[in-house]
Amino acid sequence: MAERTRTQTSKIPGSADIIIAGAGYVGMATAVALKSSAPHLAVTVIDAAPAGVWRNDTRASAIAAAASRMLDRLGCWEEILPKAQPITEMIVTDSRTSDPVRPVFLTFNGEIEPGEPFAHMVENRVLNASLRAKAEEIGITFIEGAPVHGFHNEDEHLTVRYGDDKELRARLLLAADGVKSRLRDMAGIKTVNWEYDQSGIVCTVAHERPHHGRAEEHFLPAGPFAILPLSGNRSSLVWTERTADAERLIKEDDFVFEAELEQRFGLKLGELRVEGPRKAFPLGLTLARDFVKPRFALVGDAAHGIHPIAGQGLNLGFKDAAAIAETIVDADRLGLDIGSVAVLERYQSWRRFDTVQMGVTTDVLNRLFSNDNVPVRALRDFGLGLVERMPRLKGFFIRQAAGLSTTAPKLLQGQSI
């Protein structure tokens, strides 16, 4: 059993109970979940990015039903919902870019419960603004524009060095600093990692006709081309291409880029126009071999980076946020040392298998669908058609995509910790 905490670190000047390194969506959700559930804990968020840089994020994310339940429980969803776009239907096709007709092999109804979509599309700026407003309201401390340079363990606490050689003591450090986490390296945690020689082109497209909340996933030889509905006559694209082709497309002028886009998007929604910047992100698989060390834990992309083929990356991070918050709050209520390995092991055992399973699943799906091998295409299309004819199996898949499970952390079930 973990030792009981002998020192309340937050009562020492220049200290906090928990430091979270990284003010992205997972880091912010973790901070809000912790502080909302245990207001007496001092939570500090340290971020390397300058203040306000998150407002420049033009991307959007698919928020699964379980994650929206958590955000509702944390008091953020009411502000997000009017600006969110429910996904009312999803279709899956498998074809070549040159094919004149793209037959639909699989369709999903968007509701998991009457009136509750399996996911919403939310612009990242809206999501971050809501989390930050709640964080400020409940008394979370922010230190921005100050990268963490190092940390060292000192038995009952650790000392974090950040910014211009400043130091802060804490009982626990949570690394939410992304897939190329420097803190993960500092902690000596190894990863399983490989690249796909693919990049995901992300942009927002305006179109003439309404999408009616329908999401589409077109499996093309270079990789999946996902069309995700946004509020108004707009859609968010996650367009996978071989890295060399993606880099070329990003550099093309608007006319050439939109012509290539039209080939894949089609004209069913009328004339297309790219809104805002277009960016390409290299795709790969990264899985941390360990999620925890003494007084240290990984959350979000610092623990796992997966292919976007299933749209589960951010939702895996929200599962981490809910699980680490429940682990810490339960231990704190029992008077246990929240930074001990004995306490943190519960979080690791809770999340590591699910993460590895999702990483392997997305890896297999990407390898299966991102090719033009005729026998493989015939096999996968047969499989899609089989699932289409089995309503119960489709129902299982949609609930999995929604993140709903009886073993999920309480916040993901819409319950308080």
Practice prompt. Could you state the angle between the C-alpha long axis of helix 124-138 and the longest principal axis of the C-alpha atoms of the chain, as a value from 0 to 90 degrees rounded to the nearest 10?
Written response: 20
Worksheet item: Which ordering of 320, 330 is given by a fewest-first count of other beta-carbon atoms within 10 Å?
Response: 330, 320
Fill in: the chain: angle of helix 391-401 to the longest principal axis, Cα-based, in degrees nearest 10
40
Worksheet item: Near the amide H of residue 149, under 5 Å away, which other amide H atoms are found, from residues 5 or more places off or on another chain, if H is placed in the peptide plane?
Response: 161, 162, 163
Item to complete: Would you pull out the residues with amide H under 5 Å of residue 88's amide H, same chain only if 5 or more places away, H placed 1.01 Å from N?
Response: 214, 215
Worksheet item: Can you list the HN-Hα couplings for the range 354-365, worked out from phi with the Karplus curve (6.51, -1.76, 1.60; θ = phi - 60°), rounded to whole Hz and with x for Gly and Pro?
Response: 4, 5, 4, 4, 5, x, 5, 4, 5, 5, 5, 4
Discussion item. Per residue of the range 315-321, what does 6.51 cos²θ - 1.76 cosθ + 1.60 with θ = phi - 60° give for ³J(HN,Hα)? Whole Hz please, x for Gly and Pro, Karplus curve as stated.
Written reply: 5, 4, x, 5, 4, 4, 4
Response to the item:
Surrounding charge for residue 149, neighbours by C-beta under 13 angstrom, Lys/Arg +1, Asp/Glu -1, total -2
Response to the item:
Ranked output for segments 220-232, 244-256 by mean other Cβ atoms within 10 Å, highest leading, reads 220-232, 244-256
Worksheet item: How big is the Kirkwood radius of the range 200-317, worked out from every pair of different alpha carbons and given in Å to one decimal?
Response: 15.7
Worksheet item: Sorted by average packing, counted as other Cβ atoms within 10 angstrom per residue and highest first, what order do 379-389, 285-295, 129-139 take?
Response: 285-295, 129-139, 379-389
Worksheet item: What are the extents of the Cα atoms of the range 234-294 along their three principal axes, listed from largest to smallest and rounded to whole Å?
Response: 55, 24, 19
Worksheet, complete the sentence: Nearest 10, in degrees from 0 to 90: the angle of helix 25-37 to the longest Cα principal axis of the chain is 50
Worksheet item: Across the range 148-158, in residue order, what do the Karplus-derived ³J(HN,Hα) couplings come to in whole Hz, using 6.51 cos²θ - 1.76 cosθ + 1.60 with θ = phi - 60° and x for Gly and Pro?
Response: 7, 9, x, 7, 9, 8, 9, 6, 8, 7, 10
Worksheet item: Between residue 138 and residue 83, what FRET efficiency follows from the Cβ-Cβ distance if R0 is 25 Å, with the result rounded to 0.05?
Response: 0.70
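Read the figures in this text as sums done on the coordinates, not as results from a lab. All values derive from a computational prediction rather than experimental measurement. All Cβ positions, glycine included, derive from the backbone under ideal geometry; neighbour counts span all protein chains shown.
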